[in-house]
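Bear in mind these aren't lab numbers, they're just calculated from the coordinates by the rules spelled out. Because the structure is a prediction, the values reported are computed rather than measured. As a convention, Cβ positions derive from the backbone with ideal geometry for all residues, glycine included, and neighbour counts pool all protein chains shown.
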Amino acid sequence: MKRHGRENFFVVGEGVLTSDDKGPVVSTPSTVAELRKFRFSRIGPKGQAPSQPLLEALATAMTDGQIQQDSSIPAGFTYLGQFVDHDLTMDKTAAALGSQVTVDELLQGRSPALDLDSLYGRGPKDPEDSRFYSDGVRLKMGRTAATEFPDAGTNRDIDGFDLPRVGVGSKKSERRAAVIPDPRNDENLAVAQTHLAFIRFHNRVVDTIVAPSGLLFRAARESVVKHYQWMLRHDYLPRIVDPGIVADVFTNGRRLFEPSPAPGQMPTMPIEFSVAAFRLGHSMIREAYNWNRVFDFGAGTLFFLFTFSGTSGTLSPDGDFSDPESGSFERLPSNWIADFRRLFDFNEAGRSELAVPAEQFNFARTIDSRLVDPLKELPAGSFGSQGTTSPPLHHNLAFRNLTRAVMVQLATGQQMADVAQIAPLTPAQIVDGTSGGVNLGSLTPEQRDELANRTPLWFYILREAELNGGRLTGVGGRVVAEVFHRAMEGSQTSIVRDPSWRPNLGPNNQTFRMVDLLLFTFEGKTQLLNPLGTSSVVEPTKTQVVRTGDEGDHVKALQFLLRARGAKLKADGVFGRKTEAEVKRFEGSQGLASDGVVGDQTWPRLFITVRRGDKGDAVSAVQVLIATLVDGSFGANTEKAVREFQEASGLTVDGVVGPQTWGALVTPLSD
C-alpha cells in the first residue's frame, strides 16, 4: 500500500535521503534503482536541522486547538489540492517494472506532471491498468451500499457515487480496496469523492466528444487534461497564491526552478515544494463539515471523513481504525455521498438555484500557521500504518511535516528567501505572526530565538501566507507557481506548450473553473450534484440558549469548550464579559453573527468529538453535563455515564460523544 507520507526521497545528484535514529542518511542507488525512484531535486542549499525540542514544541503549538478563521475559499479546493498533489507525485510505472517499461517511460513516469496519471494510470491498453476501465475507454465507477439510516432515500444502492472497489478476496480490507491507480485518493472521503468526480468528468467527455473509435480515448484524455490544467492555472492557483506571482510566472517564465531545461529534459520535483510549500493545504482543513442533508450542522467531522474511506478507515460506522478487518460495510454507505453544492460555490457560475443557504456552505480554513485539532491524531492508515501502534506524536501531522524536512536537510526559510532574492520575514513576524496565527507562548525563549533565526521552511511559508491575508506569497508563492508551470510544461499534454489552446466546456473560451467542471460533469442537475436531496433529516439542535448574566452547568460546559478552542478563560459557570468576548471571537471565526449569544447556531460549531482515552477541556465539558467527576480524562466511568445517557436519550449507544450526543447534552433545561 502506498503511504501518504514518503519515507525516502531520491534527490537527483545526491542519492536517496532517509533517516534513522541518529539523523539523516544518504545512500547511493544503482543505475537501475535510480531509474525506479521518483525524481526529486533541490532548489536551495542544505539546511541545519532544528533541535528536537523545538520541533516537538512547535508541532504541539500548531495543533493546540486555537480558534481558526474561515477563509473565502470554498472547502472543496482543500481536497482538490490533495488530488493535485497525488497527481503530481503519481508513479505510474510502479506496477509495471518489467521489460515492457523503457528508460524514457521510467523517466516520464517518475517525473512530476499534471496529466492525471493518478486517474488514468498507464491507460486502457496496459495489461495491468486496463482493470481501471469498463470498456477500454470509460473509467469504472462504483456503487454505494444501502443503509437504513436515516430513511428510504439512503436505503438503496446508488450507482456511480462510490469509487469502484475490488469486491472479492478473503479479507475485508482486500474487498474494500479502490480500483484506482493511486490508493492515496481513497485515504479520506473528500478526496475520494473528488477523484470520483474526475472519473465522471472523463466519462462525460467520452460521451460528448466526436472522434473515431480507435482515437476516442486519446482525444477524450487530451481534452480532460487540458481543461484540468486550465482550471488549475486560472481558478485554483490564484485562490491560494498571490495572483501577481501566478501571472508573472505564466507570462515571463521561471527564475528559481529549472528556468531553462534542455529540450526533452523531464522535470524533477523540488523538495522545497513537496516537503514544505505545497503542504499549505493542511492548514485549510476544517475539523467538521456540513457534508450533506444527513450529516449536516457540522456532523461531517474529519474523523468521519477518515472513517468512511477504504485506505484510512473501514467504510463502516461500526469499524475500528486499528483493525482493517472490522466493520460491516465494504462499500461507501449511501448516506455519505457528497453534496458538491456545499463544497463549491455555484453562484460563481451564475447558478444561484444550485447554491445552498449560507449556514450549510463550507469554507476552507485560512492558510496560516495553525492546523485544526484533529490533525494531531491522524489515523495510522493515513500514513500507511493501519493495524500498528505508533507513539502519539507520530500521529501529529505538524510533527510529521517538520520531521520529514529534517530527513531531507531542507533549507530554512531565511536561506530560501536569500536564494529567491526576497526580503526575509523579520524575527518579530516569524514569532508573533498575526492575531489569527499560532500562539507561540508555550515555547521557551531559547526555542523562540532558534525559530526566529533558523525557521523550518514549511512554517516560514505558512507565516508568509498568514501575513498576506491567507495567500502564499514570497518564497512559498514563487515555489508553488513555478513548480505548477514546470509540471504543466513537462506533461505529455500541456497548455504551456500549446498556448493557443482554449477551453470549450465552460461558458466561453476564456473560462473554465472547478464549478464549470462540475456543471459539465453532472449535467447541471441538482439530483446528480446532490443525489440525496435537500430536505435535512436532522433538524438543527434545539439548544439551551446562554448569554451574559447566565450561570450554571451549560455555561461551565461552554467555557470548557471555548478553552478547548484556545480561549484563556476560567470555567466558573458564570457568563461574564470575558466569556462574552470569547464567544464573540469564536462566532466571528466561524462566519456567524458575533452577538455573544450561544444558541442553535453557535453550539454545534463548538462541539468536539471525544471518546475513551481522550483528555482535555472538551472531556471536562462532557463530564459537567453528564454530572460525573470532572477531571478531563475520558475513562471507564465517563464512558459508562455517556452510554447510560445515550440509552436514556434514545441515541445510538457507543460511548462516543459526537454531534448527536452533544446536541442532546445541550438541550434546553426543563422549566
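Within the range 131-161, find all residues whose amide N lies under 14 Å from a label point positioned 7 Å from the Cα of Thr652 along Cα-to-beta-carbon. 147-151, by backbone N distance to the label point.
Taking one quarter of the surface of the C-alpha convex hull of the range 478-532 gives a mean projected area of 5.4 nm². The length gained on full extension between Ala219 and Glu353, counted as 0.36 nm times the residue separation minus their Cα-Cα distance, comes to 44.9 nm. If a spin label sat at a point 7 angstrom from the Cα of Asn439 along the line to its beta carbon, no backbone N atom of the range 468-491 would be nearer than 12 Å. Projecting the Cα positions of Met407, Pro456, Leu517 onto the charge dipole of the range 400-520 (unit charges on Cβ atoms of Lys, Arg, Asp and Glu, taken about the Cα centre) puts Leu517 furthest along the positive direction. Along its first, second and third principal axes, ordered by size, the range 294-367 spans 46, 29, 20 Å in Cα coordinates. Only helical runs count toward this figure. For the chain, summing -39,500 (n - 2.57) over DSSP H runs of n ≥ 4 and dividing by all residues gives -10000 deg cm²/dmol at 222 nm. Considering only Ala593, Val555, Ala571, and ranking their Cα positions along the charge dipole of the range 547-602 that arises from unit charges at the beta-carbon of Lys, Arg, Asp and Glu, the one farthest toward the positive end is Ala571. If only the Cβ of Lys and Arg carry +1 and only the Cβ of Asp and Glu carry -1, the dipole of the chain around its Cα centre is close to 1160 debye. Taking the longest Cα principal axis of the chain as reference, the axis of helix 243-252 is set at about 0 degrees.
Here the spin labels are modelled as points 7 Å beyond Cα on the Cα-Cβ line, and at Ser260 and Lys640 they lie 7.7 nm apart. Near the amide H of Ser41, within less than 5 Å, lie the amide hydrogens of Val12, Met269, Ile271, all on another chain or at least 5 residues away, with H placed in the peptide plane. Modelled spin-label separation between Val12 and Thr548, with each label point placed 7 Å from Cα along the Cα-to-Cβ direction: 6.3 nm.
Over all orientations, the range 104-187 has a Cα convex hull whose mean projected area works out to 7.6 square nanometres. The H on the amide N of Gly160, modeled in the peptide plane, is under 5 Å from the matching H of Gly142, Arg143, Thr144, each at least 5 residues off or on a different chain.
The fraction of all Cα pairs in the range 586-671 landing in successive 10 Å bins from 0 to the largest distance is 17, 46, 28, 8, given as whole percents.
On C-alpha positions alone, give me the angle between the axis of helix 52-62 and the longest principal axis of the chain, in degrees, nearest 10. Orientation of helix 52-62: about 70 degrees from the principal axis.
In cubic angstrom, how much convex hull volume per residue do the alpha carbon atoms of the chain span? Walk me through the numbers on the way to the answer.
Details: hull volume 107.9 nm³, N = 671.
Convex hull volume per residue, Cα atoms: 161 Å³.
Do any trypsin sites (Lys or Arg not before Pro) in the range 150-223 lie in a DSSP loop with no more than 16 other beta carbon atoms within 10 Å, and if so, which? Working shown, then result.
Working: sites: Arg156, Arg165, Lys171, Lys172, Arg175, Arg176, Arg184, Arg200, Arg204, Arg218, Arg221; in loops: Arg156, Lys171.
Loop-located and lightly packed - Arg156, Lys171.
For an R0 of 41 angstrom, estimate the FRET efficiency from the Cβ-Cβ distance between Thr208 and Val166 and round to the nearest 0.05.
On the way: r = 30 Å, r/R0 = 0.73.
That pair, Thr208 with Val166, gives E of 0.85.
The phi torsions of the range 315-326, fed into the Karplus equation with coefficients 6.51, -1.76 and 1.60 and a -60° offset, translate into couplings of 6, 9, x, 9, x, 10, 3, 7, 10, x, 9, 8 Hz, rounded to whole numbers, with Gly and Pro shown as x. Both radii are taken from the alpha-carbon atoms of the range 144-241; with Rh as the Kirkwood radius, Rg/Rh is 1.06. The phi torsions of the range 493-499, fed into the Karplus equation with coefficients 6.51, -1.76 and 1.60 and a -60° offset, translate into couplings of 10, 8, 6, 6, 7, 10, x Hz, rounded to whole numbers, with Gly and Pro shown as x. Quick check on the range 211-331: take the gyration tensor over C-alpha atoms, sort the square-rooted eigenvalues as a ≥ b ≥ c, and tell me if it's rounded (a/c under 1.5), prolate or oblate. Prolate shape, in that a/c is at least 1.5 and a/b is the bigger ratio.
Note on the range 607-671 and the range 220-251: Cα centroid distance 47 Å, given to the nearest whole angstrom.
Which value does Rg/Rh take for the range 396-493 over its C-alpha atoms, Rh per Kirkwood? Before the final figure, lay out each step's value.
Details: Rg = 14.6 Å, Rh = 14.5 Å.
The Rg/Rh ratio comes out at 1.01.
Computed about its Cα centre, the charge dipole of the range 284-334 is approximately 300 debye, with only Lys, Arg, Asp and Glu carrying charge at their Cβ. Taking amide H as placed 1.01 Å from N in the peptide plane, the amide H of Thr412 sits under 5 Å from that of Gln48, each at least 5 places away or on another chain.
Per-residue Karplus couplings for the range 473-479, computed as 6.51 cos²θ - 1.76 cosθ + 1.60 with θ equal to phi - 60°, are listed in order as 8, x, 4, x, x, 5, 5 Hz, Gly and Pro entered as x.
Using a Förster distance of 35 angstrom, determine the FRET efficiency expected from the C-beta separation of Asn453 and Ser322, and round it to 0.05.
On the way: r = 41 Å, r/R0 = 1.18.
With a Förster radius of 35 Å, E is 0.25.
For the range 308-444, what does the alpha-carbon gyration tensor say about shape, rounded, prolate or oblate, given a ≥ b ≥ c as the root eigenvalues, a/c under 1.5 as rounded, and a/b over b/c as prolate? Numbers along the way, then the final one.
Details: a/c = 2.48, a/b = 1.27, b/c = 1.95.
Since a/c reaches 1.5 but b/c is at least a/b, the shape of the range 308-444 is classed as oblate.
Based on alpha-carbon centroids, what's the gap between the range 441-460 and the range 292-369 in Å, whole number please? Spelled out, the Cα-based centre of one part sits 35 Å from the other. Measuring nothing but how far apart in sequence close Cα pairs (under 8 Å, 6+ apart) lie, relative to its length, the chain scores a relative contact order of 18 percent. Axis angle, to the nearest 10 degrees, between helix 189-208 and the longest C-alpha principal axis of the chain: 40 degrees.
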